[in-house]
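Chemist: Following this message is one structure expressed as structure tokens.
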Amino acid sequence: MSITKLRELNKFSDRLIFLRGKRSKAEFAREIGVSQPLYHQWENGAIPTYDKALLIAKACNVPVDVLLTGHNAMHTLTVTHQTNRTGIISSEVKDAGEPYGTSQCENCVLLKSKLSAMQDLLDRANASLDIFIKHEREKAKK
């Protein structure tokens, strides 16, 4: 079984046919635990539900994300926070990249975007808090 070959195939149905190999559709459907008509739908372009995709992936010993998308959808994201006595003052997201040099998944791009927006809010909140603390200290001195 070549994971590299699976990554080269653009459509789910092509990856499924590749995994079936020389076995008949009926035989392969039995092996993965689904009906032949359902399996036939997948080879003709339908996409299985996630639970069925897991059955296929397990039976074929391939990662489910590679089966469904043709690439590893998992990224290594590291989120670090710096804090002070008032809470989080900054966050940083680092993406270690995806194995095999494929492009980022939409979820990771969306996550980075949302974290960036959250960081902007944190920066503004911390600036306001600094002004408030400074004002309160000046009031206490009087």
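The values are calculated or read from the model by the stated rules, or taken from the named source; none is laboratory data. Because the structure is predicted, anything quoted here is derived from the model rather than measured. Here the Cβ is made from the backbone with ideal geometry for all residues, glycine too, and neighbour counts use every protein chain on show.
Chemist: From (1) surrounded by 15 or more Cβ atoms within 10 Å (Cβ to Cβ); (2) at pLDDT 85 or above; (3) among the basic types (K, R), pick out the condition that doesn't hold for K58.
Modeler: Condition (1) is where K58 drops out.
Chemist: So in segment 1-43, with the set limited to residues that are in a loop (DSSP other than H, G, I, E, B) and either under 16 Å from L67 (Cα atoms) or in contact with a Gly (Cβ under 7 Å, 6 or more places away or on another chain) (or both), which one is modelled with the lowest pLDDT?
Modeler: Selected residue: M1.
Chemist: Still on this structure, I have one more. Inspect segment 109-120 for any residue being part of a helix (DSSP H, G or I), within 30 Å of Y39 (Cα to Cα) and modelled with pLDDT of 60 or more and give the result as yes or no.
Modeler: Among the residues of segment 109-120, not one is part of a helix (DSSP H, G or I), within 30 Å of Y39 (Cα to Cα) and modelled with pLDDT of 60 or more, which makes the answer no.
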